[in-house]
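Asker: One structure, as structure tokens, below. Some questions next.
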Amino acid sequence: MTSTMTNSMTSAHKSSFGEEFMNNLISRNPGEVEFHQAVHEVTESLLDFIEDNPKYKNAKILERMAEAERIIIFRVPWVDDKGEVRVNRGYRVEMNSAIGPYKGGLRFHPTVNLGILKFLAFEQVFKNSLTTLPMGGGKGGSDFDPKQKTDGEVMRFCQSFMTELSKHIGPNTDVPAGDIGVGGREIGFLFGQYKRLRNEFTGVLTGKGREWGGSLIRPEATGYGTVYFADEMLKTKKDSFKGKIVTVSGSGNVAQFTTEKVNELGGKVVTLSDSSGFIYDSNGIDADKLKFVMRLKNIKRGRIEEYAKKFGAEYYPNERPWKIKCDVALPCATQNEINKEEAQILINNGCICISEGANMPSTPDAVEVYLENKILYGPGKAANAGGVSVSGLEMSQNSLRMSWTREEVDGHLKRIMEDIHATCVKYGKKQDGFINYVDGANIGGFVKVAEAMLAQGLV
Ligand code: NDP
């Protein structure tokens, strides 16, 4: 357990139920620190609510939700371009199917392990419930690193991965999508192999290409949704993105479309990053510069440092962008990328709003800083739910064998993000008017799943 976890758990320990639950969880899932962190955050929000509603406590709903329905771990052998045999590990965590088929992305990154995927799958259950669509929660992936691999190597890996995964998924069972390291190219290879093995053209994955069952706006959805959610939060203060200085981390799918939408709403994005460092462009990353980033990252698969060389911007190797003064911060790279000190720097520099495009990018003590200072803080499970929402809409279009226009899908996405915001306000508004979006998202996401589990008996 990290020291921040130990510190922030003291308040949960005030409740013997919370203490016993967390101690049990940690001893049953040793070493899975990100999973402990995600469950602990949810538990803190839910303790009072569960005490007030003994039906959930008696049926051990929280204990059941923290135990995956099924986890599949498998060998992924493949051959690289030199003819060498390589072996990776594949996973699918099928966390909860109370309200629909398991749904959640696949992550290909060398840091992937069981604890990280369990944290992501656990978060996904609440997120999917918030979207108002009928989707359960899951997550999967591999420690395979697509960086510096040729298209042929990525294809052979994806084919081997899907050869096993295909036995466990299906359009009414489990519908994976993309995440870090899994974009349009990987979804294509995975879908092709599923189709070959099963002889079925079906909506078994989302994030597919437009020509073969994909939805318009799916690539944009997580980034756009993160900005729509931030915009809803700003509206509660009668404010907007107009003229705001915005820091964004990451430079992949979510960061790119977050930047595009901020530009559209009149804000100025001044940073982007990757795992090697960040760039600062005080003139703003406009549409033309963003086009360069998209080419650099999606086609050339290069490093963000090249942006600085091309446009004369500043480059900070091995650093994160949070020391740059901003009004709004949109973390869109990875988990635990804002710590307590960085959270404090953001606040000291006048940041009023944080909306998380990434999953759990803020450490627990960073979140405490936001809440103490009562800024607008949208946690990932609410703020980045736009991606899975449009995945849900892709599933609907596949079932109907129809495709909706860009405007129709974007309209649905915007409405869903407004609904998620309203749910957070409903469950998170405190007596003094402060909206605690963490509590709002956790309780709002919990109720629907908990009720479904109660109705379905001991599942
Ligand atoms: P991409 O693979 O497209 O981009 C990831 C970006 O984050 C890259 O710039 C990458 O840099 C950077 N990054 C990854 N790992 C690290 C790390 N350990 N340290 C620093 N930077 C890192 O992924 P997405 O944009 O799809 O995902 C970004 C985040 O958004 C993740 O947290 C994901 O779970 C979350 N998310 C994504 C959704 C989606 O629809 N895609 C839906 C909901 C949430 P580099 O290129 O150097 O690896």
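The values are calculated or read from the model by the stated rules, or taken from the named source; none is laboratory data. Because the structure is predicted, anything quoted here is derived from the model rather than measured. All Cβ positions, glycine included, derive from the backbone under ideal geometry; neighbour counts span all protein chains shown.
Asker: For region 325-339, which residues satisfy the criterion of being out of contact with any helix residue (DSSP H, G or I) (no Cβ under 8 Å at 6 or more places or on another chain) and crowded, with 24+ Cβ neighbours inside 10 Å?
Answerer: Pass one, region 325-339, residues out of contact with any helix residue (DSSP H, G or I) (no Cβ under 8 Å at 6 or more places or on another chain): 325, 327, 331, 334, 337.
Residue satisfying the conditions is 331 alone.
Asker: Filter region 256-276 down to residues that are β-branched (Val, Ile, Thr) and closer than 16 Å to residue 316 by Cα and give me whichever is surrounded by the most Cβ atoms within 10 Å (Cβ to Cβ).
Answerer: Step one: of region 256-276, the residues β-branched (Val, Ile, Thr) are 258-259, 262, 269-271.
Now drop any that are not closer than 16 Å to residue 316 by Cα, which leaves 270-271.
Details: 270: 22, 271: 30.
So the residue we want is 271.
Asker: Further, regarding this structure: State whether one or more residues within region 430-438 are in contact with a Ser or Thr (Cβ under 8 Å, 6 or more places away or on another chain) and under 13 Å from residue 129 (Cβ atoms).
Answerer: no
Asker: Could you check region 277-290 and list, in sequence order, the residues that are buried (at least 24 other Cβ atoms within 10 Å of the Cβ) and either modelled with pLDDT under 95 or farther than 13 Å from residue 245 by Cα (or both)? Working first, answer last.
Answerer: So in region 277-290, the residues buried (at least 24 other Cβ atoms within 10 Å of the Cβ) come out as 278-279, 285.
278, 279, listed by residue number.
Asker: Regarding region 227-247, can at least one residue be identified that is farther than 26 Å from residue 429 by Cβ, within 16 Å of the ligand (Cβ to nearest atom) and hydrophobic (A, V, I, L, M, F, W, C)?
Answerer: No, because not a single residue in region 227-247 is farther than 26 Å from residue 429 by Cβ, within 16 Å of the ligand (Cβ to nearest atom) and hydrophobic (A, V, I, L, M, F, W, C).
Asker: Take residues that are exposed (fewer than 15 other Cβ atoms within 10 Å of the Cβ) and tell me which of the helices (runs of 4 or more DSSP H) falling wholly in region 340-459 contain 3 or more. If you could, list the steps in order and put the result at the bottom.
Answerer: Working: elements: 340-348, 364-372, 380-383, 386-400, 406-428, 437-455.
Answer list for region 340-459: 406-428.
Asker: Here is a follow-up. Go through region 333-358 and give me each residue that's within 24 Å of residue 236 (Cβ to Cβ), of a type in the set (S, T, N, Q) and within 16 Å of the ligand (Cβ to nearest atom). Please lay out each step first, then the result.
Answerer: So in region 333-358, the residues within 24 Å of residue 236 (Cβ to Cβ) come out as 338, 343-344, 346-358.
Imposing the further condition that a residue be of a type in the set (S, T, N, Q) reduces the set to 344, 348-349, 355.
Within region 333-358, 355 is the sole residue that qualifies.
Asker: Can you find even one residue in region 439-447 that is closer than 20 Å to residue 68 by Cα and out of contact with any Leu (no Cβ under 9 Å at 6 or more places or on another chain)? Working first, answer last.
Answerer: Filtering region 439-447 down to residues closer than 20 Å to residue 68 by Cα leaves 442-443, 445-447.
Then drop every residue that is not out of contact with any Leu (no Cβ under 9 Å at 6 or more places or on another chain), which leaves 447.
Yes, the conditions are met somewhere in region 439-447.
Asker: Same structure again: Pick out the one residue from 89, 64 that is under 21 Å from residue 127 (Cα atoms) and charged (D, E, K, R). So that I can check it myself, show each step before the final result.
Answerer: Working: 89 fails: under 21 Å from residue 127 (Cα atoms).
Only one candidate passes the filter, namely 64.
Asker: Follow-up question, since we're still on this one. Pull out all pairs, ordered by first then second residue, where Cβ-Cβ is under 9 Å, the residues are six or more apart or on different chains, the first lies in region 251-266 and is aromatic (Phe, Trp, Tyr), and the second is more than 13 Å from the ligand (Cβ to nearest atom).
Answerer: Hits for this filter: 257/227.
Asker: Can I ask one more? Consider only pairs whose beta carbons are under 8 Å apart and that are at least six residues apart or on different chains; among these, list those whose first residue lies in region 174-202 and is assigned to a helix (DSSP H, G or I) and whose second residue is among the acidic types (Asp, Glu).
Answerer: From region 174-202, the pairs are 185/151; 194/200.
Asker: Looking at (1) of a type in the set (Val, Ile, Thr); (2) more than 14 Å from the ligand (Cβ to nearest atom); (3) surrounded by fewer than 23 Cβ atoms within 10 Å (Cβ to Cβ), which is the one condition that is false for residue 299?
Answerer: (2)
Asker: Okay, next question. Yes or no: region 151-161 includes at least one residue that is of a type in the set (Phe, Trp, Tyr) and within 16 Å of the ligand (Cβ to nearest atom).
Answerer: As a first pass, look at region 151-161 and keep what is of a type in the set (Phe, Trp, Tyr): 157, 161.
Next, from what is left, pick out any that are within 16 Å of the ligand (Cβ to nearest atom): 157.
For region 151-161, residues of a type in the set (Phe, Trp, Tyr) and within 16 Å of the ligand (Cβ to nearest atom): present.
Asker: Between residues in region 360-383 that are at positive phi and residues that are more than 16 Å from the ligand (Cβ to nearest atom) and modelled with pLDDT of 95 or more, which pairs lie under 7 Å by C-beta distance while being six or more apart or on different chains?
Answerer: 374/434
Asker: In addition: Check whether at least one residue in region 178-186 is within 16 Å of the ligand (Cβ to nearest atom), of a type in the set (A, V, I, L, M, F, W, C) and closer than 13 Å to residue 140 by Cβ, and report yes or no.
Answerer: Within region 178-186 (the criterion being within 16 Å of the ligand (Cβ to nearest atom), of a type in the set (A, V, I, L, M, F, W, C) and closer than 13 Å to residue 140 by Cβ), the answer is yes, since at least one residue qualifies.
Asker: Can you go through 394, 408, 372, 368 and tell me which one is in contact with a Gly (Cβ under 8 Å, 6 or more places away or on another chain) and acidic (Asp, Glu)?
Answerer: Values: 408 fails: in contact with a Gly (Cβ under 8 Å, 6 or more places away or on another chain); 372 fails: in contact with a Gly (Cβ under 8 Å, 6 or more places away or on another chain); 368 fails: in contact with a Gly (Cβ under 8 Å, 6 or more places away or on another chain).
The unique qualifying residue is 394.
Asker: Let me ask you something else. For residues that are assigned to a loop (DSSP other than H, G, I, E, B) and buried (at least 22 other Cβ atoms within 10 Å of the Cβ), scanning just region 209-237, find the one that is nearest to the chain's Cα centre (by Cα). Walk me through how you get there before you give the answer.
Answerer: So in region 209-237, the residues assigned to a loop (DSSP other than H, G, I, E, B) come out as 209, 213-217, 236-237.
Within this subset, residues satisfying the condition of being buried (at least 22 other Cβ atoms within 10 Å of the Cβ) are 214-215, 217.
Details: 214: 20, 215: 19, 217: 17 Å.
Across region 209-237, the extreme among qualifying residues is 217.
Asker: To continue, here is another question. Can you say whether residue 244 is closer than 25 Å to residue 315 by Cβ, surrounded by fewer than 24 Cβ atoms within 10 Å (Cβ to Cβ), over 14 Å from the mean Cα position of the chain (by Cα) and of a type in the set (D, E, K, R), as far as the supplied structure shows? So that I can check it myself, show each step before the final result.
Answerer: On the way: closer than 25 Å to residue 315 by Cβ: yes; surrounded by fewer than 24 Cβ atoms within 10 Å (Cβ to Cβ): yes; over 14 Å from the mean Cα position of the chain (by Cα): yes; of a type in the set (D, E, K, R): yes.
Here the answer is yes, as residue 244 does meet what is asked.
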